[in-house]
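The values are calculated or read from the model by the stated rules, or taken from the named source; none is laboratory data. All values derive from a computational prediction rather than experimental measurement. For neighbour counting, all protein chains shown are included, and Cβ atoms are generated from backbone atoms with ideal geometry for every residue, glycine included.
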Amino acid sequence: MKAITTSPPFIRTDNTPAAIMGRVLLCLTSLLICSSFYYGARMLVNAAVSVLCCIICEYAVSRMARLPNTVKDLSAVVTGLSIILLLPATTPLWLIALLACFAILIAKAPFGGLGHNPFNPSACAVAFATIGWPELMFKYPSVPQTLPLFSSDMSGVSFGTSVVESLRNFSLPPYRLSDIFFGAVPNKAGTGFFLVIFVCAAFLIMKKAIRWRITASCLAVFILIAFLFPRAGTGFTAVFYELFSGYILFAAVFMITDPATSAKSLPGQYIYGAFCAVLISVMRRYGVYAEGTCFAIIICNAVAPAIDRITVKTAGRRHVINAEQK
Amino acid sequence: MADVHSRGISIKQNKSDLLAKNIYAAGLEDELFFSVTKGAEILVTKGEKLAQNRLLAADEKNDLHFYSPANATVTDIYDSNHPLMGEVSIIKMSSSKAGISPRLEEDAESMRDLTGGMPERERKLDSVKASHIIDVLDSRSLYRKMTAFAKSGVRALCINAIEDESFSCSETALLIHKFAEVSEGLHLLAEAAGIKESAICIYKLRAADLSGLAKRDGVVVVSGKYPVSARYTAQAKRTGFVGAQTCYDYYNYVNEGERQTKVFVTVGGDRLKAPKNMLVPVGTPIGKLLDKCEPAKEAGIIVVGDGPMTGRYTNDLETPVTVGMKSILLLKPVEIKNITNCWGCAECARVCPQGLMPLAIARFARHNMTQEAAQLGAERCIGCGCCSYICSGGIDPMRFILEAKGEIEQIEQTEPKPAAQQKPRKALFARKKELPKSDEQ
């Protein structure tokens with residue numbers, strides 16, 4: 001039975017989690033389509049497996065907990081798509097299914113589902129895969145090539161060095177700048193299409209679907225660190241290589257802006273974004289793995305509530321409206 | 001034009017059709033339910049026949065006087081609860097459309113003399129006192145307000161017709177159709193209190209532009225997101241605000257000797273097919289007015305007050321119209337979800353005009369953690385409803401925050417803060433943005 005409100009206000013916006021997630025989903029789908037051009041229909045199979053597993057797990061949890069079905073808020077679909085875009089395209093289907101189940105059953109559901117999880121589920125899944133199967137996580141197929149549709153046997157596939165690995169070795173990446181910018185280099189499946197990511201960022205900011213302050217401060221600080229502490233090339237060349245490598249841009253737009261796990265107060269968002277940038281830069285330079293962004297994101301998610309706590313405004317703010325004047 | 005702030009919400013106004021129509025004069029209903037404040041002394045008895053403008057009750061503590069809107073017979077007097085006035089006494093009357101006896105006519109005249117006569121010759125505060133007009137803006141005695149304005153050296157007297165809530169537009173409609181009378185009433189009031197400046201503040205509406213109201217002398221157009229009215233009036237220095245209807249009623253009192261027995265209300269909402277702005281006798285049951293506006297077949301809830309954001313719910317069709325009831329709305333019911341539905345999008349924090357974090361305060365308030373709610377500034381909530389409006393999870397954070405606020409106020413009344421805690425602590429990164437002055441356009 002529906003509960004009808006009898007206290008003001010008596011009108012509501014028609015915004016729902018599904019509407020907000022839908023906008024993010026549109027952007028992730030565009031990245032999926034781009035990756036399909038480079039890797040063939042295998043990406044669509046990866047997406048189908050991941051999304052299906054996420055939906056089944058979400059539905060099963062809702063049923064077991066006797067809660068309303070939460071699949072319709074589309075968060076499980078967004079998680080499923082994010083995961084496969086953050087993995088190499090050659091990731092076996094069984095591992096994709098495992099990671100999708102991990103994201104929902106371990107990183108999200110036990111904490112109470114959407115809005116109550118402390119860590120970004122797709123970041124947790126990628127971290128789990130990085131620790132458990134590093135040999136699979138850092139093998140990037142060359143582009144373009146058509147991958148086997150269902151098989152895990154990648155013996156016929158050629159692999160290449162990613163830009164992140166070159167930077168780790170303090171060497172210049174052996175690719176043209178234009179190839180790097182348009183994603184035509186070995187990388188994670190869907191995080192190398194920087195032009196598309198920029199357009200998606202503009203769209204999401206315009207639609208108020210993401211917290212742009214976090215993205216802006218993260219990228220600003222990351223660029224500053226890359227400029228001051230270059231690993232390959234100097235000046236803006238070094239910035240170019242750092243920014244358009246790995247999945248820093250994808251993370252800055254889609255992952256660290258996750259409403260449930262990021263800082264919520266306005267000044268806190270700037271601090272949070274800057275903190276993410278510092279941690280990601282540290283992980284890249286001194287972490288065990290060449291690309292440790294997922295670990296940095298998890299640590300930042302843990303710190304977000306503390307950042308909110310110290311930046312929320314308390315009594316004493318000027319221009320206060322006296323409640324009696326309303 | 002004054003643009004007040006960037007926080008808040010943009011609400012669809014739904015007023016263009018309403019303002020394009022004339023004001024509808026609702027006739028007298030057979031039964032009237034006249035609400036008077038609980039502490040008022042009732043001066044009529046059951047079975048008594050009385051004339052229009054007869055003094056029904058007087059609340060001397062609040063300086064409120066209530067006059068009969070019609071020739072009528074008192075059929076019952078009982079206590080009840082009104083969604084806007086709280087605990088009230090209801091004087092139920094059976095109105096008489098036929099003429100009244102000459103004796104009652106004399107009574108009506110003598111009543112008029114007892115209560116001030118025809119003061120069009122006087123331009124002092126005494127005429128405001130004698131008018132016994134209740135300000136529609138806050139249902140307070142107009143005389144008390146004007147006296148307070150005069151004493152505190154208010155520089156400007158303004159009409160607050162900044163109707164920034166959906167549907168509600170009775171003040172704007174009155175200004176469009178009776179601008180000269182309202183304006184004159186405002187000048188008379190300002191003159192009576194010795195206030196030199198006056199202005200009429202309206203909300204930026206397409207209908208106001210089209211009708212030419214925005215270009216009239218003395219009109220200030222205020223734009224901005226809801227709750228712009230609260231924001232604008234709070235930052236206006238040395239300015240007193242009254243309602244447009246109040247000025248119109250005072251004009252009528254000075255020129256015609258009429259008592260405040262009718263009010264202008266918007267009868268609207270998305271469940272009415274023919275919404276109208278109406279001139280309604282006080283005491284008319286709201287059900288009769290809703291019937292005149294073709295209610296839709298689908299279920300709706302009734303909301304009375306300033307509008308759908310701050311109004312009050314009622315399910316009693318006999319709820320009477322009172323002075324200060326600016327709108328009667330029949331709205332689509334809104335479903336409310338459990339607070340656990342909050343998924344942390346923090347849209348409420350983005351729109352809160354007070355810079356609060358409703359999602360956090362509501363969670364603490366729900367679990368009766370009043371201290372934590374107070375630390376987050378729950379007492380600064382103004383009850384505008386922006387957080388609940390924008391919530392994508394379908395919860396109602398404002399309700400929890402206002403409950404916590406009530407508890408905090410109770411605690412502070414009984415246990416004042418120690419001196420060390422009374423000086424407010426500055427928050428990190430406190431904003432220093434100045435708000436525009438009231439005379440900037």
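Data table
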quantity	calculated
Pairs where the first residue, in segment A:106-120, is free of Cβ contacts under 8 Å to residues at least 24 places away in the same chain and the second is outside any helix (DSSP H, G or I), C-beta under 8 Å, 6+ apart	A:Ala107/A:Asn117; A:Ala107/A:Phe119; A:Ala107/A:Asn120; A:Phe111/A:Asn117; A:Phe111/A:Pro118
Filter result (in a helix (DSSP H, G or I) and more than 9 Å from chain A (Cβ to nearest Cβ)) within segment B:356-386	B:Pro358, B:Ile361, B:Ala362, B:Arg363, B:Phe364, B:Ala365, B:Arg366, B:Thr370, B:Gln371, B:Glu372, B:Ala373, B:Ala378
The one condition in (1) touching a strand residue (DSSP E or B) at 6+ places or on another chain (Cβ under 8 Å); (2) at pLDDT 90 or above; (3) assigned to a helix (DSSP H, G or I) that B:Ile195 fails to fulfil	(3)
Selection within segment A:105-118 - surrounded by 21 or more Cβ atoms within 10 Å (Cβ to Cβ) and closer than 16 Å to A:Ala302 by Cβ	A:Ala107, A:Lys108, A:Asn117
Residue in segment A:126-139 that is without any contact (Cβ under 8 Å) to a residue 12 or more places away in the chain and in a loop (DSSP other than H, G, I, E, B) present	no
Residue pairs meeting the criteria (Cβ under 7 Å; at least 6 apart or on separate chains; first over 17 Å from B:Lys92 (Cα atoms), in segment B:279-294; second among the small types (Gly, Ala, Ser))	B:Leu279/B:Ala25; B:Leu279/B:Ala26; B:Leu289/B:Ala26; B:Lys292/B:Ala26; B:Cys293/B:Ala274; B:Glu294/B:Ala274
Any chance A:Ser166 is in a loop (DSSP other than H, G, I, E, B), farther than 20 Å from A:Phe37 by Cβ and either in contact with a strand residue (DSSP E or B) (Cβ under 6 Å, 6 or more places away or on another chain) or touching a residue at least 24 places away in the same chain (Cβ under 8 Å) (or both)	no
Residue pairs meeting the criteria (Cβ under 6 Å; at least 6 apart or on separate chains; first more than 7 Å from chain A (Cβ to nearest Cβ) and of a type in the set (A, V, I, L, M), in segment B:333-355; second buried (at least 24 other Cβ atoms within 10 Å of the Cβ) and not in a loop (DSSP other than H, G, I, E, B))	B:Val351/B:Cys386
Subset of segment A:1-53 [within 23 Å of A:Ala201 (Cβ to Cβ) and within 14 Å of chain B (Cβ to nearest Cβ)]	A:Asn15, A:Thr16, A:Pro17, A:Ala18, A:Ala19, A:Ile20, A:Met21, A:Gly22, A:Arg23, A:Val24
Residues satisfying the stated conditions in segment A:271-286, i.e. in contact with a helix residue (DSSP H, G or I) (Cβ under 9 Å, 6 or more places away or on another chain) and over 17 Å from A:Asn301 (Cβ atoms)	A:Ser281, A:Arg284, A:Arg285
Residue match in segment A:208-218 (condition: out of contact with any helix residue (DSSP H, G or I) (no Cβ under 6 Å at 6 or more places or on another chain), farther than 22 Å from A:Phe295 by Cβ and in a helix (DSSP H, G or I))	yes
Residue among A:Pro230, A:Pro259 that alone is part of a loop (DSSP other than H, G, I, E, B) and without any contact (Cβ under 8 Å) to a residue 24 or more places away in the chain	A:Pro230
Considering residues of segment A:299-326 that are over 19 Å from B:Ala378 (Cβ atoms) and buried (at least 20 other Cβ atoms within 10 Å of the Cβ) only, the residue modelled with the lowest pLDDT	A:Ile307
Boolean, B:Gly185 is surrounded by 24 or more Cβ atoms within 10 Å (Cβ to Cβ) and either closer than 23 Å to B:Asn22 by Cβ or away from chain A (no Cβ under 14 Å) (or both)	yes
So B:Leu289, is it more than 9 Å from every other protein chain (Cβ to nearest Cβ) and either basic (Lys, Arg) or surrounded by fewer than 24 Cβ atoms within 10 Å (Cβ to Cβ) (or both)	yes
Count of segment B:325-341 residues which are over 14 Å from A:Thr5 (Cβ atoms), modelled with pLDDT of 90 or more and out of contact with any Phe, Trp or Tyr (no Cβ under 7 Å at 6 or more places or on another chain)	4
Selected residue (only one of B:Ala230, B:Ala234, B:Ala180 is surrounded by 22 or more Cβ atoms within 10 Å (Cβ to Cβ), among the small types (Gly, Ala, Ser) and either without any contact (Cβ under 8 Å) to a residue 40 or more places away in the chain or closer than 25 Å to B:Cys381 by Cβ (or both))	B:Ala230
Test: residue in segment B:304-317 that is over 30 Å from A:Leu204 (Cβ atoms), within 25 Å of the chain's Cα centre (by Cα), of a type in the set (A, V, I, L, M) and within 14 Å of chain A (Cβ to nearest Cβ)	yes
